[in-house]
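To start, the structure under review is shown below, and the notes come after it.
What follows is calculated from the coordinates using simple rules that are stated; it is not laboratory data. Just so we're clear, the structure is a prediction, and the values are computed from it rather than from any experiment. When we count neighbours, we look across all protein chains shown, and the Cβ atoms used for this are built from the backbone with ideal geometry, even at glycine.
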Amino acid sequence: MKKSFFSTVVLMAMAMLIFTGCAKLPQAEIDSANAAIESTRAAGADVYVPEAFVALTDSMASVMESITSKDSKMFKNFKQETEKLLSIVSQSAEVKALTEAKVAELKEQVDQMMLAISGNIDAAKALIGQAPKGKEGNTALLAIKADVTAIETSLGELKTVAGTENYFTTLDKAKAIDAQITSIKTELEEVISKFNSRNRK
């Protein structure tokens, strides 16, 4: 009886070892995790939330390293790695959501800045009409008008590329254009203020 029981236990133990030893790679989960990561990359995660994306790819690399290490052994069990792969899929969804939120935030900043630039262009045009004339004044105003026209063209080009390039680049361009038109507007306001001040004396 004891011998029979002992034999049964040994057979069960061997069966478990064979089962775990023949464990297959969690290929479906690996493919799902890789697809999820590529989806976040396609959404721009590597550009807009680089730290979160690097953490995601590091997690995947760590899991794959563990799988490779275990795969070379006779007895292997990928349960822990499978759970981590499923977690990476969830993590990818979170990173993608963060990316979309960042894109929306930057797009709003770009839109607001383009509105501000447009308003400053209109203001600069009105100030040119109020600026003092005269030989030297006319020459300067012609140069300023040309600058404002160039800025207006740059704004049109910016509107064309918005959404076709990453929003960090678009925002940097918008900031540069805004600085140019703000400088011109400020210069005109100062010239008009000084001219009006002299005329009141």
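Note on ASP58/THR164: beta-carbon distance plugged into 1/(1 + (r/R0)^6) with R0 of 22 Å gives a FRET efficiency of 0.10. Computed from phi, the 3J(HN,Hα) profile of the range 175-185 under the Karplus parametrisation 6.51, -1.76, 1.60 (θ = phi - 60°) reads 4, 5, 5, 4, 4, 5, 6, 5, 4, 5, 4 Hz, with x in place of Gly and Pro. Here the dipole of the chain is about 260 debye; that uses its Cα centre as origin and unit charges on the Cβ of Lys and Arg (positive) and Asp and Glu (negative). Taking GLY156, GLY44, GLY129 in turn, the Gaussian network model of the chain (Cα-Cα springs below 10 Å) assigns the largest fluctuation to GLY129. Going from the fewest other Cβ atoms within 10 Å to the most, the residues ARG198, ARG41 appear in the order ARG198, ARG41. Taking the Cβ of TYR48 as the centre, find all other residues whose Cβ is under 15 Å away and add up their charges (Lys, Arg: +1; Asp, Glu: -1). Computed value for this residue: -4.
Would you work out which of ALA36, PRO50, THR139 lies farthest towards the positive end of the dipole of the chain? Charges go on Cβ: Lys and Arg +1, Asp and Glu -1. With unit charges placed on the Cβ atoms, the residue in question is PRO50.
Cβ-Cβ distance of LYS73 and GLU38, R₀ of 25 Å, FRET efficiency by 1/(1 + (r/R0)^6): the value works out to about 0.25. Each Lys or Arg adds one and each Asp or Glu takes one away; over the other residues whose Cβ falls under 13 Å from the Cβ of LEU86, this sums to -2. Contact order, relative form, for the chain: 22 percent (alpha carbon pairs under 8 Å, 6 or more residues apart, mean separation divided by residue count).
Couplings 3J(HN,Hα) of the range 82-88, computed from phi: 4, 5, 5, 5, 5, 5, 5 Hz, in residue order, whole Hz [Karplus 6.51 cos²θ - 1.76 cosθ + 1.60, θ = phi - 60°; x for Gly and Pro]. Close Lys pairs in the range 102-200, defined as Cα atoms under 14 Å apart and 8 or more places apart or on different chains, number 10. The phi-based Karplus calculation (6.51 cos²θ - 1.76 cosθ + 1.60; θ = phi - 60°) puts the 3J(HN,Hα) values of the range 32-41 at 5, 5, 5, 5, 5, 5, 5, 5, 5, 5 Hz, whole numbers, x for Gly and Pro.
Based on DSSP H segments of at least four residues, each scored -39500 (n - 2.57), the chain has a per-residue ellipticity at 222 nm of -31000 deg cm²/dmol. For the range 95-201, the equivalent ellipsoid derived from the Cα gyration tensor has semi-axes of 36, 14, 8 Å, listed largest first. Under a GNM of the chain (C-alpha, springs under 10 Å), which listed residue has the highest mean-square fluctuation: LYS125, LYS133, LYS159? In the Gaussian network model the winner is LYS133.
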